[in-house]
Every structure is written in structure tokens, then in C-alpha cells.
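One structure is given here, and the rest of the page talks about it.
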Amino acid sequence: MTDPLVEIQGLTVRYGSAVALESVDFAIDRGEIVTIVGPNGSGKSTLIRAILGGVGLAKGRVRKAPGLRIGYVPQRLALDPTLPMTVRRFLGLPRRVAPATARQALDRAGVPGLGERQMAALSGGQFQRILLARALLEEPDLLILDEAAAGLDQPGSAAFYARIEDVRAETGCAVLMVSHDLHVVMSASDRVVCLNGHVCCAGTPDVVAETPDYRALFGEGTHGTMALYRHHHDHRHAHGNEHLHHEEPAE
Amino acid sequence: MLDDFMTRAALAGIGTALAAAPLGCFVVWRRMAYFGDATAHAAILGVALSLAFSLPVFAGALVVALVMATLVALMSGRGYAMDTLLGVLAHSALAFGLVAVSFLQTVRIDVMAYLFGDILSVSRGDLGVIWGGAAIVVALVAWRWSALLTATLNPDLARAAGIDPKREELVLTLALALVVAVAIKVVGVLLITAMLIIPAAAVRPFSRTPEAMGLSATVLAMAASFGGLRLSYQFDTPTGPTIVCVVAICFGISSVAAGLTRHGRARS
């Protein structure tokens, strides 16, 4: 068993007097797909920022494997209209890539021939694919996706999830995905962690068969890329953060 | 060749344009126009202090501009909206600077020369300072270009790639203070921001990549400095403001042309 790529112990993060995360333990291993779910304001993005090194830690520690390469796909990228940016140039940020490599990356992302297009002129789905393609050019050990499928419709996010599965199979990189959808997660997730300021519960998603119920819930065309996650919290919330979803009774 | 004051003035203008235009692109992309103003206006206080203590004006302006830039960076995110904070600091710095200059009764100085520049009085020594400073700024921006661009796009994206966005911000701050100190003799503290922003804004509609925008802004700024100098000689107008007028006219033409192309494309 090798050391985890990222190991977090007893992490507490505060913004002024507000506590964003409290005593969070978390780890992700090589090649693992982990989905973090939680309502808005539950500290999901803060956890990611702590891994990237963008927030001060009030308590605890974040340990990263030496030489860890992270590919990051942000929730959204607000491109200032004064900044001209072709797809081709964006793929070469921050490290320039050879034209052939860029072309190949676009082909693999399913958006061939878009290299000369302005980033601002892309559709939501194309934009997400380009963000992912750029992150993959960094040849990451760990791919971090912050609500990367949030703007996509169901077939769109199904296609996106399928692509992530392929990426893991091809490159063996670990995937850390954040989602605000509490119940529907990517079925290939090895683990699901429910966060609400602290870790509420963790487990594996239920891979639901192609039953009529499932179809009614997800619609056609998701090709089994989505699954349900059943929460099993055994506590009530101390700091007034009511869960937005149904909680199973404590056992 | 350097004996001719017009040659020296032309070289000073081109040197300033070379330093200001590429940096100006970042000022535009990161919406730091007011930040540039605050830094530039603070420089007049630096001028007053250097004259009072018989120090080189360049050094005084540079130090005070740096202090101001750091102060802004430290105070940001502490309860005031950024534009309010910068508005307060920019104009207070200017006011304090002007008051400080008025105390200097022993030295008779022409405040106008520092407010609007006095490019025709550039000496060989000034030229050395301008080109030295410009070389440092260009080298700094070229060296950090990709990292600066990534940090400008998204700080978390930069962090994931191992770039510290705070450090890149510091690089920009340092470069900005240098440009202010370099440009003070050429366009003066009140018009430095114009030389940063207007060339970049003028070439934006015709640029496809950040690099193209940086290069064409530089070419435009250099041409405008040269043209402005010629026009001010011909019509006997103040040189700094004339240079800014030329870039501003270029911006106007560019905006109209961009509007027409868009309109044409929409109709066809």
C-alpha cells in the first residue's frame, strides 16, 4: 500500500469568525475516484482550496505526496472580456504544448478543430471539455473537478462522467470530484463523502440497474454513469446547518 | 546624436511606451486601472520628499510608489470595496503630495513638470534611468508572462499548476512602481495610467491572443509617443498630453472600426 496522494488530518478553516470546515479528515489514494457531496456553503470548495494551498489552515494539516501533479478543472472560469484567448493558447497555459499535442488533446476531448476559436465563443459543454483537456495536459496524478458538470444537462453530464471514467482507465490518475447534488453521483465513484462543515458520512454509491424506477428518475441516455448515494448520518447537526435532504433515523 | 533634445525626447517616449504597454495589458485584464492611478499619484509625494532631502527624483518616486502599492495590497479585502479604497488612497496621495511640494520654499520647482511630464527636458542621465527601468520591466514581464497570465485567469488554476498567485501579484506591483518612476518625466503622474491602459484597450478588438495584444499595444504606444512628440513640436502644445491625445484618438478609431466590423458581420 503506497502513501495516499493527499492526506488531511483534523483540518479546520475559518473565514473571519465563520467556520468553513471543522476537524475534517480526508485522504485520497492513487487511482481512486472520490465524490464529495454537500449542500451550498458546506465547505466543498474550501476543502479543494485547502488541497491546492489557497486558504490558511486554522488547525490540522494537509500532506501531499512529493512531486504530486494536480490537474484542476474549476467550477467556472470567468474570462474577462478584455482578455483575448484562443482555445489553442489556453491549452498551453501555463506550460506551452506542441501543436500536435494540442490537436491530439482536442481530438480526445471530443472537440476537434476548435483550436482557433475564442474561448468566449464556446458553448458550455465545449468550454468544460476544453477545461478538462487543459488539466489533462498537465499529466496529473490527481484530477480535481469542482462542480465541473454543474452547467450541463443530463446527457451532457453523463457524457462528461463517461469521459472521466475513460481518463482514469487510460492514465490511472485519481479523481476528486465535487458535486452539490446530494443524491445523484457518478456511478464509478469508489467512495462518496458527504460534507457539511464536517464529514457527515462516507460510503459507496448504489449502482442502480436499468430499472423503470431508475429511468423515471434519470431519464434515458445516461448509460449507467450515474448512481444513487444513500446517506446514513448518525448524528444531528450542532451548528444549525440543517440538512436539505431526508435524513435516515439514527440506529 | 543624443545632443539633440528632440532625439532624447523621442527615445524617452519610446522607452516609456515599451515598459508601459505590455504591463498595461495586465492592468486592463485584471481591472487594476485605479490601482495604477493610486500608485502614480503617490509618486508626487515621492517627488516632494526627494527634493526636500536632495535625493534623485526617480528613487523617491519609486520608493513611495512601492509603499503605496504594498499598502493597497495589504488593505484590500478589509471591509472597503476596492474602488472606494483606491479612490481614497489615489486622491489623498495626490493631495498630500501637492501640499508637501508647497512646503519646499527653498527649491523652486515647477509642479506642472511632474504632473504632466516634461519630456523635452530629458537629460542623458534621465534617458539612462528610463531605458534601464524599461529594460527591467520588460524582462520581468516577459519572464513571468505565462505565470502572470495563468494567475490572472484564475488563482486556483495557477495554484494547481504550482504557481503562487500572491507572488505574481507582487511582480506586477513592482513592475507598476517601476513604470511610474520611469514615466514621471515623460507623461507625468496624472497621465501615466493613460499610457498603461489606452494602448491596450485600443488594440483589444483586433487581438486574438494575449501575446498579440501585448505586442500590438507596444507598437501602438511607441508610434503614438513618436507621433505625439512631432505634433507637439509642430503645434507648440504640451508634449505629454499630446501623446495621450494621440493614443486616445487611436482608441476612438479602433472602437468605431470594431463596431463597424461587428455590424457588417451581423448583416452579412
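The values are calculated or read from the model by the stated rules, or taken from the named source; none is laboratory data. None of the values given here were measured: they were computed from a predicted structure. With ideal geometry, Cβ positions are generated from the backbone for all residues, glycine too; neighbour counts draw on all protein chains shown. Note: accessible area is taken over every heavy atom of the protein model, side chains too, but ligands, DNA and RNA are not part of it. Shrake-Rupley method; radii C 1.70, N 1.55, O 1.52, S 1.80 Å.
Observations on the model:
- Heavy-atom accessible area order for B:130, B:198, largest first, 1.4 Å probe: B:198, B:130
- With all protein chains modelled, accessible area of residue B:222 [1.4 Å, Å²]: 60 Å²
- Area of residue B:145 that stays accessible when all protein chains are in place (1.4 Å probe, Å², to 10): 40 Å²
- The calculated 222 nm mean residue ellipticity attributable to helices in chain A amounts to -7500 deg cm²/dmol, summing -39500 (n - 2.57) over DSSP H runs of n ≥ 4 and dividing by all residues.
- Using the alpha-carbon positions of chain B, Rg (one decimal) and Dmax (whole number) come out as 18.7, 68 Å.
- Average partner coverage of A:184-193, which counts Cβ from other chains inside 10 Å: 0
- In this label model, residue A:228 and residue B:256 are separated by 6.7 nm, measuring between points 7 Å along each Cα→Cβ vector.
- Relative intensity of the stretch B:49-153 on a log10 scale, I(q)/I(0) at q = 0.10 Å⁻¹, equals -0.42, per a Debye sum over C-alpha point scatterers of equal strength in the absence of solvent.
- For chain B, a Gaussian network of Cα nodes joined below 10 Å ranks B:203, B:179, B:88 by mean-square fluctuation, and the top entry is B:88.
- Reachable lysines from residue A:44, criterion Cα separation under 30 angstrom, eight or more residues apart if same chain: A:59, A:64, B:166
- Each Cα pair under 8 Å and six or more residues apart adds its sequence gap; the mean of these over the residue count of chain B is a relative contact order of 30 percent.
- The listed residues A:183, B:91 rank as B:91, A:183 when sorted by accessible area, largest first, using a 1.4 Å probe.
- Three-way shape label, the protein assembly as shown, alpha-carbon gyration tensor, a/c 1.5: prolate
- Stokes-Einstein diffusion coefficient of chain A, Kirkwood radius over Cα pairs, 10 °C, 1.306 mPa s, in µm²/s: 83 µm²/s
- Relative contact order (%) - criterion: Cα under 8 Å, at least six apart; region: the stretch A:85-134: 49 percent
- Proximal aspartates and glutamates relative to residue B:185, as straight alpha-carbon distance under 20 Å, when same-chain residues fewer than 8 apart are discounted: B:3, B:4, B:37, B:110, B:118, B:126, B:236
- Note on residue B:166: accessible area approximately 140 square angstrom, rounded to 10, probe 1.4 Å, nucleic acids and ligands left out.
- Rounded to the nearest 20 debye, dipole of chain A from Cβ charges on Lys, Arg, Asp, Glu: 1260 debye
- Carbon + sulfur, % of accessible area of the stretch B:5-267 - ligands and nucleic acids excluded, 1.4 Å: 69 percent
- Selection from B:239, B:44, B:96, by position along the positive dipole direction of the stretch B:5-267 (Cβ): B:239
- Probe 1.4 Å, all protein chains present, accessible-area order of A:206, A:3, largest first: A:3, A:206
- Segment residue B:5-residue B:212, length gained on full extension (0.36 nm per residue, minus Cα span): 71.2 nm
- Sequence-distant contacts, meaning Cα pairs under 8 Å at least 6 residues apart, place the relative contact order of the stretch B:1-138 at 40 percent.
- Prolate/oblate/rounded label for the stretch B:172-239 (Cα gyration tensor, a/c 1.5): oblate
- Shielding value for B:158-168 is 5, the average number of Cβ atoms from other chains within 10 Å of each residue's Cβ.
- Overall shape: oblate for the stretch B:1-71, with the ratio a/c of the largest to smallest alpha carbon gyration tensor axis at 1.5 or above and b/c at least equal to a/b.
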